[in-house]
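Following: one structure in C-alpha cells, then a few remarks.
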Amino acid sequence: MIANGLLLLLFIAAGVAIGVFVTQRARAKRLPSASLSEHYFAGLQFVLNEEPDKALEVFLRMVEVDNDTVETHLALGSLYRRRGETDRAIRVHENIMARQSLNEEHREHAMFALGEDYFRAGLFDRAEQMFQRLTERAGRRTAALRYLLRIYEQQSDWAQAIATYRRLQPLASPEHPTAIAHYLCELAEQARKKDDREAALDLLRKVRAEQRNFARSALIRADLALDAQNPELAGRLCQRAVELHPQLLPVVLQRFAPRVPSEGGAFLAQSVRPLVRSDPAVRAMYAYSGLIAGMEHDPFVMQCLPDFVRDDPNLGDLVRSLAGDVNELSPEQVRALATALAHILKRGQRYRCVECGLATAAHFWQCPGCRSWDVLAPLMRVELAPVTRKSTQIRS
Ligand SMILES: [Zn+2]
C-alpha cells in the first residue's frame, strides 16, 4: 500500500532526524537512547500493521515539540494535509500549539497551518477563529485576511466579507477587484427578496461608488424597475448590461423572460434585440441564449438559429448532411431543430469558467471551482456526448 509506504518513508526520514536529535539530547541529559529507539520501532510496527493513528501517537509521544524539532512536526502536519488526511494534520498541529515554549515565529506558523487544516476540513468556525487571531499579528495578517475572505464567501456572510475586504485593501491589492461590488449586490438581492426596496437601492448606490458601469447592479435595478411596473426602465438597464458585457445575454434572457411571459417578447424586442441586429456572432449568441432560456419557439430566436448552427462545426456538419444548406431549412425544420437543441442543452453544461475551465449548467457570478468573479461565459456549443455527472470539467 502506497499510503503506508509513504508514511513508512516519512518515519524513516524522521527517524534519521530524531537519531541526530536523540544523540545530542542523550549526551546532554544522559538519557538512555535505547528506550527512544524502542518507541521508534514500536511506531514502525504500527505502520507495518497498517495502524497509522497508533503510529502517529507514538511519534507524537516520542518526539517532544520544542524549537529544535518543531520544523519536523510542521512538515509532518502539512504532509498529512496535502494528502487530504486533515484529521491527522489537525492532531499534529494542535499538539504543537499545546506547547508553551515555542518562539513566536513557530507559534504563528503552527496557528496558520491549523487554520488551513480546519478550512480544508470544512470546520469554518474554528478556521475563522484561528485566522482572526492571526490578523492581530503583523507576520501573517494579509494571508489570514485572504483566508477569512474565502470563509465568508463560502458561508455567504457578505457583511463580514465587505468588512474583511476593507481591512485587506490597505495591505495588498485585491485578488478580485470587483469582489466588493458583488458582495454589495448579494446584499441588495437579499434586501429585494425581503421587499426592502429602499435598502436594495441604497446598496446599489454603494456599488456605484465601488464600480461604475457594473452590469450585475444594472440587472438588479432592472428587477426593481419591473417590481415597480416600469418595463421601459428595466429594458434600458438590460440593454446597458448587454452592451457592457455581451456574454451576459443568456443571463439576461434567463432572468427576465420568465418574469414577463406575456409581454416578454415586446420587452426584449425593445431592449436587447436592437443590439443583435445583423452581426452573425451576436445572432448566434442570441439563439443560444434563447434556447437555454426556454424561448426556443420565440420567432426571433428561430430566426437567429441558423447562425448558431453554422457557428458550431459539429452541429453545422450534422444539419448539412441531413437537410442541406442551413439557410434553406423550412420553418417546420427550424422549429423541430430548436426543440431538439433546447432539449439537449437542458441536460448539459451551458457555461464555462474562462479561468479554470469548470463547466456548469447554471450561471454563477463567482466560479464554484476557482472562486474568481465574472469568469463564467456561455459555452456556445451543444455537447452531443452524454453528460454523466452534473458538473463536468471541460478544459480547452
Ligand atoms: Zn473557475
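The values are calculated or read from the model by the stated rules, or taken from the named source; none is laboratory data. The shown structure was predicted, so the numbers you read here are calculated from the model rather than taken from an experiment. Cβ: placed from backbone, ideal geometry, glycine included. Neighbour counts: every protein chain shown. Remember, those area values only see protein heavy atoms, side chains included, never the ligands or the DNA or RNA. Shrake-Rupley method; radii C 1.70, N 1.55, O 1.52, S 1.80 Å.
Filtering the stretch 287-302 to residues that are in contact with a Lys or Arg (Cβ under 8 Å, 6 or more places away or on another chain) and assigned to a helix (DSSP H, G or I) leaves Ile292, Phe300, Met302. Test of understanding: among Ala200, Ala181, Ala209, which residue is within 22 Å of Val260 (Cα to Cα) and of a type in the set (A, V, I, L, M)? Residue meeting the stated conditions: Ala200.
Out of curiosity, is Cys356 more than 17 Å from Ile292 (Cβ to Cβ), open to solvent by less than 10 Å² (accessible area, probe 1.4 Å) and modelled with pLDDT of 95 or more? No.
If the condition is being in a loop (DSSP other than H, G, I, E, B) and buried (at least 21 other Cβ atoms within 10 Å of the Cβ), then the stretch 211-263 contributes only Phe214.
The number of residues in the stretch 319-360 being within 16 Å of the ligand (Cβ to nearest atom), on the phi < 0 side of the Ramachandran plot and small (Gly, Ala, Ser) comes to 1. For the stretch 361-386, filtered to residues that are over 20 Å from Val242 (Cβ atoms) and away from the ligand (no atom under 11 Å from the Cβ), the residue that is modelled with the highest pLDDT is Ala361.
The rows are residues; the columns are (1) touching a residue at least 12 places away in the same chain (Cβ under 8 Å); (2) touching an Asp or Glu at 6+ places or on another chain (Cβ under 8 Å); (3) under 16 Å from Ala127 (Cβ atoms).
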position	(1), (2), (3)
Gly77	yes, yes, yes
Arg81	yes, yes, yes
Val92	yes, no, no
Gln100	no, no, no
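Sub-8 Å Cβ pairs linking a first residue in the stretch 358-372 that is in a loop (DSSP other than H, G, I, E, B) to a second residue that is near the ligand (Cβ under 9 Å from one of its atoms) and acidic (Asp, Glu), at least 6 apart or interchain, are Cys367/Glu355; Cys370/Glu355; Ser372/Glu355, ordered by first then second residue. For the stretch 312-344, residues that are outside any helix (DSSP H, G or I) and surrounded by 14 or more Cβ atoms within 10 Å (Cβ to Cβ) total 2. Which residue pairs have Cβ atoms under 8 Å apart, sit 6 or more places apart or on different chains, and have a first residue in the stretch 54-69 that is small (Gly, Ala, Ser) and a second that is at pLDDT below 75? Close Cβ pairs satisfying both conditions: Ala55/Leu7; Ala55/Phe11; Ala55/Gly43; Ala55/Leu44; Ala55/Phe46; Ala55/Val47.
For the structure I just gave you, tell me whether Asp298 is open to solvent by 50 Å² or more (accessible area, probe 1.4 Å), in contact (Cβ under 8 Å) with a residue 12 or more places away in the chain and in contact with a helix residue (DSSP H, G or I) (Cβ under 9 Å, 6 or more places away or on another chain). Answer is no for this residue. Only one of the listed residues (Asp312, Asp223) is under 30 Å from the mean Cα position of the chain (by Cα), of a type in the set (Asp, Glu) and under 19 Å from Arg350 (Cβ atoms). That residue is Asp312.
In the stretch 1-106, counting only helices (runs of 4 or more DSSP H) that sit wholly within it, the ones holding 1 or more residues that are modelled with pLDDT of 85 or more, in contact with a helix residue (DSSP H, G or I) (Cβ under 8 Å, 6 or more places away or on another chain) and open to solvent by 60 Å² or more (accessible area, probe 1.4 Å) span 86-97.
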